[in-house]
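Notes follow the structure.
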Amino acid sequence: MAMSEVFAVYGAAGCGRSLMPIAAEQLKRVASDSQIVFIDDALVDNAVVNGHVAMNYDSFKSLKEEHKFVLVAIANSKIRQQLVDKLEHDSISLWTVQGSTTLIMDSTNIDQGAALSPFVTIASNVTIGKCFHANLYSYVEHDCVIGDYVTFAPRVSCNGNIHIHDHAYIGAGAVIKQGTPAKPLVIGKGAIIGMGAVVTKDVPAGAVVVGNPARPLIK
Ligand code: UDP
């Protein structure tokens with residue numbers, strides 16, 4: 001008998017409710033009739049969100065299915081990492097989800113737990129770390145190297161030969177100038193790129209940049 005499986009989208013707020021239909025459609029595409037549920041720790045038992053069964057983590061853990069797969073659908077990368085650490089501790093598998101219109105080109109390496117929304121393109125020879133979120137219409141062009149827990153809001157234009165370090169957040173509609181193989185453009189660890197920013201040069205770790213050309217945010 002085949003091993004029994006259950007799938008979940010962790011987070012039933014904005015991010016999770018947008019990723020659930022993509023996740024459910026992916027299961028249909030692979031002709032799986034396994035159950036898919038929401039996990040959200042703010043919910044009481046027997047909740048229903050957008051027609052899907054929703055439960056807290058402890059209830060999910062106690063489901064009888066032997067193999068559990070979870071997509072962590074929370075935009076905050078620090079929370080995403082905390083939840084992934086918990087899932088790994090509990091030997092629950094990370095699940096990668098992509099839309100039917102997501103395009104992945106040649107020789108890419110995308111680590112576990114990614115959420116690749118509809119109309120996202122990952123071009124050739126791109127390497128991506130754990131639990132990448134690429135929201136609607138974003139692209140990652142050739143030869144980019146993206147770290148762990150990086151988050152793209154919708155319509156991010158990440159051109160060729162860009163390196164983005166762990167936990168960076170790229171706002172909606174930001175455009176990042178391409179680097180070269182010898183000198184990639186680097187977005188440092190935990191940097192935040194404001195929506196609509198036009199990034200023309202390296203961004204240091206932890207910096208917040210906005211505007212065109214993108215400059216450090218003066219508060
Ligand atoms: N959440 C959770 N367990 C946690 C942390 C967060 O279930 O340990 C849920 C939280 O209840 C909320 C969702 O994750 O429903 C995060 O939602 P938020 O509005 O922060 O962001 P988004 O959906 O935009 O990522």
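Give me the 1.4 Å probe accessible area per residue for the chain, excluding ligands and nucleic acids, in Å².
Numbers: 10540 Å² over 219 residues.
I get 48 Å² per residue for the chain.
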- Message: Greater than 26 Å separation of Cα atoms is the criterion. Which listed pairs, 28/68; 28/189; 183/219; 130/183, meet it?
- Response: 28/189; 183/219
- Give me the net charge of residue 105's neighbourhood, meaning all other residues with Cβ under 13 Å from the Cβ of residue 105; Lys, Arg count +1, Asp, Glu -1. -3
- Rounded to the nearest 500, the 222 nm mean residue ellipticity computed for the chain from DSSP H runs (n ≥ 4, each -39500 (n - 2.57)) alone is -4500 deg cm²/dmol
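Of all accessible surface on the stretch 1-128 at a 1.4 Å probe, what whole percent is carbon and sulfur? List each step's numbers first, then the result.
Working: 3220 of 6390 Å².
Summing carbon and sulfur atoms, their accessible area is 50 percent of the total for the stretch 1-128.
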- Query: Which of 97, 116, 79 sits closest to the plus end of the dipole of the stretch 53-121, meaning its Cα is farthest towards the positive end, when Lys and Arg get +1 and Asp and Glu get -1 on the C-beta?
  - Reply: 79
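Taking 0.36 nm per residue of separation and subtracting the Cα-Cα distance, what length does fully extending residue 66 through residue 180 add? Don't skip to the answer; put the middle values down first.
Details: separation 114, 0.36 × 114 = 41.04 nm, distance 4.66 nm.
Difference between extended and current length: 36.4 nm.
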- Query: Taking Rh as the Kirkwood radius, which is the inverse of the mean 1/r over Cα pairs, what is the Rg/Rh value for the chain?
  - Reply: 1.00
- Test item: Cα-centred dipole of the chain, Lys/Arg +1 and Asp/Glu -1 on Cβ, debye: 840 debye
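Could you work out the Kirkwood radius for the stretch 107-219, taking every pair of different alpha carbons, averaging 1/r and inverting it, reported in Å?
Value: 13.3 Å, from the Cα pair sum.
Quick check: net charge around residue 197, other residues with Cβ under 15 Å of its Cβ, Lys/Arg +1 and Asp/Glu -1?
On the way: positive: 155, 177, 201, 215; negative: 202.
Charge balance in the 15 Å sphere: +3.
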- Measure nothing fancy, just the Cα-based angle from helix 77-89's long axis to the longest principal axis of the chain, in degrees from 0 to 90, nearest 10. 40 degrees
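The values are calculated or read from the model by the stated rules, or taken from the named source; none is laboratory data. In this text, all values refer to a predicted model and were calculated from it rather than measured experimentally. Backbone-built Cβ (ideal geometry, glycine too); neighbour counts: all protein chains shown. Note: accessible area is taken over every heavy atom of the protein model, side chains too, but ligands, DNA and RNA are not part of it. Shrake-Rupley method; radii C 1.70, N 1.55, O 1.52, S 1.80 Å.
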